[in-house]
Structures are given as structure tokens and as C-alpha cells.
Amino acid sequence: MPAIPNGVPESWYLALSAILFVIGVAGFVFRRNIITVFMCIELMLNAVNLSFVTFANHYKQVSGHIFTFFVMVVAAAEAAVGLAIILTVFKNRSTLNIDEVDSLKN
Amino acid sequence: MEFLIATSLKLAIIAFILLTALAYIQWVERKVIAHVQVRMGPSRVGPHGLLQPLADVIKLITKEGVLPPHVNKVFYLAAPVLAVFMALISISVIPFGTSITIMGHKTMMELADVNVGVLVILAVSSMGVYGIALGGWASNNKYSLIGGLRSSAQMISYELPMSLAIAAPLLSAGSLSLRKIVNAQHGSWHLIPHWAIFAFPAPQIFSFIIFMIAAFAETNRIPFDLPEAENELVAGFHVEYSSMKFAAFFMAEYANMVTVCCVATLLFLGGWHPLWPVRWGSNFAAPAIFAFAGAICIYHGINYVRPFDRITLPAFGVIFFGCAGLFLIPQGVPVLTPIFWFLAKVSFLLFVFIWIRATLPRFRYDQLMSFAWKFLFPVALVNLLVTGFLVALVS
Amino acid sequence: MVDLLFFGLFAAVAVLCAINVVVQKHPISSALSLVGVMASLAVLYLLLGAPFIAMAQIIVYAGAVMVLFVFVIMLLNAGIEVRRGRSWMATIFGIPALLGLLGVLACLLVRWFPDAPIVKFGDFPGGSPRDFGYALFTQYLLPFEVTSVLILIAILGAVVLARKELD
């Protein structure tokens, strides 16, 4: 049984970030509802934010936080436009299943 | 260890006082609205209806809690819990006064002095939208859904002018911690206190007005209470809720009201600093007011109108004189007087909330939303720009 | 010791909520689980000495972006997702393989950096709003201004896309 450290090593934060990212990828690949797929994208972005903040703590610089902030802003803008697209797709196709939005397929 | 004991004690005291105050704010509201409308208000249950909140609580607890079969049970039950949870969390970062020293251990008069206290309040009020949106949606009722969505849209629209109005006095205070913001407002020139609304380079009076307007919208109070009015949309998002769940939504609304009044007091009205300087005798304001109230009670007790006024009014008079005496004890003055000033200002703002409820009609929904985006948001932006410019010019 | 406790608790909550996002059938349950993930990540940011980013996460991400998601789900009346053409082979082999992959990834990360520095609450005081704002408005001013143009473009796009057709 390895010794329990008296604090939290940074590698544990990075491992958590990796786990959240992989869960996000799994949801993105396997789910069929557009909105759920979009939420898995947000989950991936959050995992990456955790990585950035961890490295900001490691190098003791605030630049990591600034990048996290920009990721949040871009995610907000992307959510706004993406949800508008989803609304338009729903208005035209009356479905939220991405398997059924396939009119460009052969 | 001492820290844990002190915090638990403060938590118990603040929770008890807050929950009692929520019930009695409702009594004050009913009495004030009644007197504005030239009628009596609750007057039967106790002397002057003082036990009416107790009667209401008993009624709400013993009423049959209906769980309609067509609702989404998990979210229907979770929505009032979420609303109350968020409303009560924001009290934890509000400082009520200076420090108090008990048995050698010095503790500040707040639960948690977070150095980003203002942001915690904004964060918690953003999360309060979920309780209402989920409550409206989970009720599986088109009127609740529309009411819930309208209320959530209104709350997030008015968060922007509120945040901008909060940002303006932060420029002169220079910190995000609520205690430091109040400490930056101490002192006075001659008779005008150094409160943020009278501050030198940029008086924050416009920020105060914008904040109060946005606060009315955030707490769903008249004139912005279209989503939950009784005669609109069949009472909006809480139409399917009964007894304790309905009481939870109501408690959340009053707790939000108390929070925004406390934040307005701390940011704009100088927190616990007195209205005029101490050397002009402001320490005697509290005992003077209590003694005056005691004198009125004893006078009306002597010339009594109802039979039991012979007993209750002089009893209240004695209690008020006791409180006045409490404020004259020299050891208690530095601890009790700041709390008195803080509570006096918060009570005044709550009275303004109730007064406006009794006086104004309500906005239509599209008027409400266009007022937020087309008028209040640009005004808040311009106010922040002008404040920043003036502060940079002077320093 | 307290750091370890908080990290363990909130990391577990984050992972459970993340799995819930992927597993739940109704989009609103996924949305609320995602809010749970963001809130626990905010606590982890506090532990990592980033109070401003933690509060920005709650105000912007959990309090505005996710409210938008919840609105759209409520407006579109999105129902339970009906799974068609589900292959049992994928489920029986896929889920253990995924969990195994996750476990291997986490173990590798922890093993490659055995002496990673310990994160203690309070050892990075440079994440306060003052330092953040100073860096944002001096060193990173150009990205800040470009981001504001980006948000303007996003607003224009959303308004145009969601507008009613004028017939």
C-alpha cells in the first residue's frame, strides 16, 4: 500500500482532468441527442480548464488562469451559436436525433 | 478547534435570526401594505397580529402536501430545495458588524470573510435561477412552464445591469471583500459620511438606483413580478406547489430580498458606519430611538383602547427601555452600535421594497425585458465608464 | 489532510456527475449533472488557488451557459432519447474496455510523476482578482479585445439564426 501523501500531488489533478476528458469523448461518440452531444463538448472543455489551472499553480503564473478565462468565454459564445443552430435544425426537421439529420448522405 | 466552535455558534445564531426574521418580514409587509391601503392588516392572532406568522407556519405545515401524478417527481421535489439552498447560502458572506471578543477569542461578525465576497453573492444569485426554471418545468403545466421561463429570463437579463452597478463602487473601494469595502467607507467630512453614495470623485448614487431596480427584478418583486403574480398565468411557476414546498419558494424570495438589501447597504450605504459622526453623538441614536418607542408604548398602555392593551403595551414598553439601556453599557457600545446601524439601514431598504409593492402597478413582460436591455444595461455601462474615468482622473 | 479530503470528495462528485451526464436518458438530467460537475470543479479551482476563476466558472459557465442549455431543452420539449439499433456486443465489451482504459490512463499519469509537487491551499497567492486583472489588461490586452469582438459576432449569429422568418 503506497504511502498516502500529506497533500494532493498535481498528478492527481491531471489524472482527474484526463478522466473527465475521456468521459466527455465517450459521451460525444455514443450519444444520439444533439443537446447531449453538445454538453459532452462542454465537459471536455471543463476538463481542459482544470489542466490549465493546475499548470498555472505549478509554474506559479497567472497566465494559466487567463487562458482558462478565454476558454470559458469562447465556450459561452460557442454555446450561444450552437444552441441557435440546434433550434433552427429542430424547427426544420422536428427531430433532435443526429442520426436523422442526414439529407446530405447518399 | 476554537475556530470551529466559534463558526458553529455563529452559524446557529445567524440561521435562527434569519429564519425568524423571514417570518416577521412577512408580518411587516402585510401590516405596511394594509396601512397604505387604509385598513388594519392582521390584528387578531396576537397583539397587533404578531403571532400571525406562527399561525401561517402551522397552517402551511399541517396542510396536505399534494404530489400531483403528472409531474416529474425528482425535479418537482428538488426545485424548492434548490431555491431555498441558494437563497440561504448568500447570507454566509455578509458581514454584520465589527469584531467581537468572547473569552479571549476574537471573531468577526460574519460566517466567512472570503476575499472575493462580491463574486460569491453574484454566483449564488446566478444559481438561484435553476430553482425557478426547474419548478416551472417540472410541474408539467403550460402556465407554470411559461411563468418559469419568463421568470428565469427576467432574472438572467437583470443580472447584467446588477453586476455592472456592483462594479462601480468597487473601483473606489479597491477590493472584492465585503468587509474591506465597508472599511473603505469609514469616516466623514463634517456631517456628510464617507458612504459610497456620497464618495468624492464619483458619487455612486446612480449605481445605487440601478442596483435597486435590478434587485427588484432579481427577487421577482413588484413592479417586476409578472411571472408569479396571482392574477397572471394563474400564479405562474408555483401554481402546482402546495403547503411546505410553496412556503419554501416564498422563503427563498424573502431571503433573496434580505440578501440584496444587505448587499446594497454594504456596498452603497456604508455598512455599519453611522449616519453622522460619533463625535456629534450618533452613539446615542440607538438608545434614543428605543426609548422613544418605549415611551409611545407606555403612553398607549396608560390610555388603552382594548382591554389587553393594559398588559401587553407596557410590557413592550419595558422591553424597549431595556434595549435602550443595553445600548448605553460602555462595553457593549462598540459591538452593538454597528449592528444597530446595519440593521437600521437594511430595514429601511426592506421598507422601501414593501412600500413600492404597495404603490406601483406591474410591468408587462415585454416592457420589462426591453427596459433591461435597451435602457438599464446601457445606463449601467455608461455609469461604470464615468466612474472609472473620474476615479482614474483623481488618483 | 483537509486538502486531501476536499479533493477526494469533490473529485468523486465530479466523476460521478460526469458519468451521469453520459448515462442519463433525459437531457435535463444530463444538464443538471453537468452543473454538478462545474460546481465541483469550481471547488477544485479554489483548492488550486484560483478564486477568481472559480467564481467566474460559477457565474458564467454554471449560471449562464447551462441556464441557456436548460432553456433550450425546456423550449424544445426534448424527451427521453430513444436508442435504436443498440448492439449488445458494444455494451458488453465496450464499457469494461472504456473503464479499463480510464484506469490505465490514470495509473500511468500517477506513476510517471511520482514526485509531483504537492498542491496546498494557499501556496499560490497570485490568482487573486487583482493579479488576474493586471495581467489581463496589460499583457493579454489584445486577446481580450479580440474576444469582445468574438462575442459580438456570436451575438449577431445567434440573433440572426433564431429569428422568426419574415413572411
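The values are calculated or read from the model by the stated rules, or taken from the named source; none is laboratory data. Note that the structure is predicted; figures quoted are calculated from it, not measured. A quick note on method: Cβ atoms are made from the backbone with ideal geometry, for glycine too, and the neighbour counts reach across all protein chains shown.
Checking the conditions here, which among B:3, B:85 is surrounded by fewer than 19 Cβ atoms within 10 Å (Cβ to Cβ), aromatic (Phe, Trp, Tyr) and at pLDDT 90 or above?
Exactly one of B:3, B:85 is surrounded by fewer than 19 Cβ atoms within 10 Å (Cβ to Cβ), aromatic (Phe, Trp, Tyr) and at pLDDT 90 or above, namely B:85.
Pairs under 8 Å by beta carbon, first residue without any contact (Cβ under 8 Å) to a residue 24 or more places away in the chain and over 22 Å from residue B:359 (Cα atoms) in region B:33-52, partner of a type in the set (D, E, K, R) and surrounded by 15 or more Cβ atoms within 10 Å (Cβ to Cβ), six or more apart or different chains?
Cβ pairs passing all conditions: B:48/B:31; B:49/B:30; B:49/B:31.
Scan region B:146-174 for residues that are under 22 Å from the mean Cα position of the chain (by Cα), without any contact (Cβ under 8 Å) to a residue 60 or more places away in the chain and closer than 23 Å to residue B:237 by Cα and jot them down.
Answer for region B:146-174, where residues must be under 22 Å from the mean Cα position of the chain (by Cα), without any contact (Cβ under 8 Å) to a residue 60 or more places away in the chain and closer than 23 Å to residue B:237 by Cα: B:152, B:156, B:159.
Using the structure shown, decide if residue C:60 is more than 12 Å from chain B (Cβ to nearest Cβ) and crowded, with 18+ Cβ neighbours inside 10 Å.
Against the criterion (more than 12 Å from chain B (Cβ to nearest Cβ) and crowded, with 18+ Cβ neighbours inside 10 Å), residue C:60 does not qualify.
Go through (1) more than 14 Å from chain B (Cβ to nearest Cβ); (2) assigned to a loop (DSSP other than H, G, I, E, B); (3) closer than 21 Å to residue C:40 by Cα one by one and return the number of the condition residue C:115 breaks.
(3)
If you go through region B:202-225, how many residues are closer than 14 Å to residue B:170 by Cβ and surrounded by fewer than 21 Cβ atoms within 10 Å (Cβ to Cβ)?
Here the count works out to 1.
So, in region B:337-395, exactly how many residues are of a type in the set (A, V, I, L, M), more than 25 Å from the chain's Cα centre (by Cα) and either closer than 21 Å to residue B:17 by Cα or assigned to a loop (DSSP other than H, G, I, E, B) (or both)?
Looking only at that region, the number is 0.
Suppose the filter is outside any helix (DSSP H, G or I), away from chain B (no Cβ under 12 Å), aliphatic (A, V, I, L, M) and without any contact (Cβ under 8 Å) to a residue 12 or more places away in the chain; does residue C:154 pass it?
No: the conditions fail for residue C:154.
Identify, please: which residue in region C:118-130 is under 24 Å from the mean Cα position of the chain (by Cα) and part of a helix (DSSP H, G or I) and is, among those, nearest to residue C:2 (Cα to Cα)?
Ranking the qualifying residues of region C:118-130, first place goes to C:125.
Can you find a residue in region B:378-390 that is of a type outside the set (Val, Ile, Thr), closer than 30 Å to residue B:14 by Cβ and surrounded by 13 or more Cβ atoms within 10 Å (Cβ to Cβ)?
Checked region B:378-390: no residue is of a type outside the set (Val, Ile, Thr), closer than 30 Å to residue B:14 by Cβ and surrounded by 13 or more Cβ atoms within 10 Å (Cβ to Cβ).
Residues are listed down the side, and each one gets a yes or a no for (1) out of contact with any His (no Cβ under 7 Å at 6 or more places or on another chain); (2) within 7 Å of chain A (Cβ to nearest Cβ); (3) surrounded by fewer than 21 Cβ atoms within 10 Å (Cβ to Cβ):
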{"site": "C:2", "(1), (2), (3)": "yes, no, yes"}
{"site": "C:10", "(1), (2), (3)": "yes, no, yes"}
{"site": "C:13", "(1), (2), (3)": "yes, no, yes"}
{"site": "C:18", "(1), (2), (3)": "yes, yes, no"}
{"site": "C:24", "(1), (2), (3)": "yes, no, yes"}
{"site": "C:38", "(1), (2), (3)": "yes, yes, no"}
{"site": "C:51", "(1), (2), (3)": "yes, no, no"}
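Which of the numbered conditions does residue B:263 fail, given that it passes all the others? Conditions: (1) buried (at least 22 other Cβ atoms within 10 Å of the Cβ); (2) over 25 Å from the mean Cα position of the chain (by Cα); (3) in a helix (DSSP H, G or I).
Condition (2) is where residue B:263 drops out.
Against the definition (surrounded by fewer than 23 Cβ atoms within 10 Å (Cβ to Cβ), closer than 19 Å to residue C:70 by Cα, modelled with pLDDT under 95 and polar (S, T, N, Q)), how does residue A:36 come out, yes or no?
no
If only one of C:32, C:68 is of a type in the set (A, V, I, L, M, F, W, C), within 14 Å of chain B (Cβ to nearest Cβ), in a helix (DSSP H, G or I) and closer than 21 Å to residue B:76 by Cβ, which one is it?
Only one candidate passes the filter, namely C:32.
Show the residue pairs that are 6+ apart or on different chains and have beta-carbon atoms under 6 Å apart, the first residue being within region B:307-327 and without any contact (Cβ under 8 Å) to a residue 12 or more places away in the chain, the second being assigned to a helix (DSSP H, G or I) and of a type in the set (A, V, I, L, M, F, W, C).
Listed pairs, sorted by first residue: none to list.
Within region A:34-43, does at least one residue satisfy the condition of being farther than 19 Å from residue C:37 by Cα, in contact with a helix residue (DSSP H, G or I) (Cβ under 6 Å, 6 or more places away or on another chain) and more than 7 Å from chain C (Cβ to nearest Cβ)?
For region A:34-43, residues farther than 19 Å from residue C:37 by Cα, in contact with a helix residue (DSSP H, G or I) (Cβ under 6 Å, 6 or more places away or on another chain) and more than 7 Å from chain C (Cβ to nearest Cβ): present.
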